[in-house]
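Take a look at the structure below.
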Ligand SMILES: Nc1ncnc2c1ncn2[C@@H]1O[C@H](COP(=O)(O)OP(=O)(O)OP(=O)(O)O)[C@@H](O)[C@H]1O
Ligand SMILES: [Mg+2]
């Protein structure tokens, strides 16, 4: 698959603060690539260097075959940017902003469709300053898409969106990807990254600490499975003997088993063999959130 | 060019939606004109006002003042607020060229200054018996040169200061100095030598002389043209050096 973005050895400092150090990754065409990390990790700095909005101190960046530092104007025409921090003039109306940016983008999208899709039709004549935070955010995403970009950068796109609007945004992003657009997504929402991203880079302290598919990350860093059920058991040693089980414990009549691999199936069959059929047998798998907390040193 | 036309059109609409700014920009020179007209009338006195009637002196001077207000108060406040709030980033990231954003500010300055001047002339000619310009083309030429020069100074102020507040403060301070000592306040003939020297150092002094000469029939003043052009070139140069063409982007 064609590489759309390649970053090699990116470094960026602000005075004495090293915001990003030795970051390297590639993004393939049509991929949704996520950047996850705690506040101040260097995500925004990274994506803004890639978009040519900040100049890298060191490293090579190529986006759609262009150098963001020197071929900025052409790059801008071919990418879409929803910036974490930006604004429009307070008194500009929603339709005016969409129309202005559309007429300046060659081969632009039909802006009334975007306005409709991002739920802004009712706010067509409202001024930017009068929009709610979530509405402003949706306008920014719509504006990032007016030029039918080949790659789109979304920096905390769903911040401030209500749960319903967030789901709509997710499905619109999937649609954009179906059309072949590459998406780079910075987010703090683990469920968003798990639901949307093909691959995720975990960034911490200006470095990429790991990069894989969400499932790959979970398997590697938080592959633990927890199985729980209620039963009156005195002896748990036979449960601990099951392949893959690492630990079995009891809290009242709640039995908790932790392990790796197909633990649920093995535990279930062992229970049935002994004539125990708990009705509340359930499994809890690790999520990206556990990976995040493990890798970025949060509470484990 | 299309980018400039579109952004200018939008900026003009935005300006119209700021009733307070419109009122102050267009109304303040009128108020000053009435006060001074009420005090001095329009009878020529050979000792002051370059020997012409006070109102004949003040009308072209106020055209200069309108241009100066828009250039050093309005434009920097607008531009630095855009920069501070991230509007410039938004525009630049959306392929609106930086030169079009700045160009639109300049166009708005020129258009509004033009409307303000027309209003001023109309009101002055209705209420006082002012002389009309000896040469309309020269006045228009002086107007555009002055407008461009003050726009350049405004762009400099708007990009040089770290915050919008600082840019606004500096702009207002300059405006008061220019207003009082630059020839739009008391007649320069009554100022002390020191005050006159300060006034002569302000660009508005030269814009006013350029406009007055064209208006009052003293012809096109090449010395003032040169000075106004030097202010413009200097402002452009310093702005380019200062921002290294990276206004709206981070270092
Ligand atoms: N313009 C700037 N000037 C100085 N330091 C900056 C600037 N922008 C970012 N930094 C610093 O660089 C580091 C990385 O910031 P960055 O905005 O890239 O983080 P982030 O991962 O996007 O964080 P968040 O999740 O809070 O958005 C932080 O320590 C921040 O303080
Ligand atoms: Mg950020």
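What follows draws every value from the coordinates through simple rules; no lab data is involved. Because the structure is a prediction, the values reported are computed rather than measured. Don't worry about glycine lacking a Cβ; one is built from the backbone with ideal geometry, like all the others, and counts go over all protein chains shown.
Across the alpha-carbon set of segment A:1-129, the Rg to Rh ratio works out to 1.02, Rh being the Kirkwood radius.
One equal scatterer on each Cα of chain B, no solvent, Debye formula: the resulting log10 I(q)/I(0) at q = 0.09, 0.17 Å⁻¹ is -0.39, -1.27. Across peptide A:88-100, the average count of Cβ atoms from other chains found within 10 Å of a residue's Cβ is 4. Its DSSP H runs of at least 4 residues, each contributing -39,500 (n - 2.57), put the calculated 222 nm mean residue ellipticity of chain A at -9500 deg cm²/dmol, to the nearest 500. Inter-chain Cβ neighbour count for A:65-77, averaged per residue, equals 1 (cutoff 10 Å, partner chain atoms only).
Antiparallel as a % of all DSSP beta bridges within the protein assembly as shown, to the nearest 5?
Among the beta bridges of the protein assembly as shown, antiparallel pairing accounts for roughly 65 percent.
Against the main long axis of the alpha-carbon atoms of chain B, helix B:164-181 sits at an angle near 10°.
With one equal scatterer per alpha carbon and no solvent term, the Debye-computed log10 I(q)/I(0) for segment A:231-300 at 0.19 1/Å reads -0.81.
Normalised by the residues of chain B, what does the relative contact order come to in percent, with Cα pairs under 8 Å and at least six apart?
27
Between segment B:116-166 and segment A:250-276, how many Å separate their Cα centres? Spelled out, the Cα-based centre of one part sits 85 Å from the other. As a length-normalised measure over Cα pairs under 8 Å and 6 or more apart, the relative contact order of segment B:12-56 settles at 24 percent. From most to least packed by mean Cβ count within 10 Å, the peptides A:247-254, A:286-293 give A:286-293, A:247-254. As an equivalent ellipsoid, the protein assembly as shown spans semi-axes of 67, 22, 20 angstrom, where each value is the square root of five times an eigenvalue of the C-alpha gyration tensor, largest first.
Separation of segment A:50-107 from segment A:197-219 is 26 Å, based on Cα centroids. Relative contact order of chain A: 19 percent, from C-alpha pairs under 8 Å at least 6 residues apart in sequence. Against chain B, whose longest principal axis is taken from its Cα atoms, helix B:98-127 shows a tilt of about 20°.
Take each peptide in A:17-26, B:197-206, A:260-269, count the other Cβ atoms within 10 Å of every residue, and average; sorted highest first, the result is B:197-206, A:17-26, A:260-269. For chain B, adding -39500 (n - 2.57) for each run of n ≥ 4 DSSP H residues and dividing by the number of residues yields -25500 deg cm²/dmol at 222 nm. To the nearest ten degrees, helix B:54-69 and the longest principal axis of the Cα atoms of chain B are 10 degrees apart.
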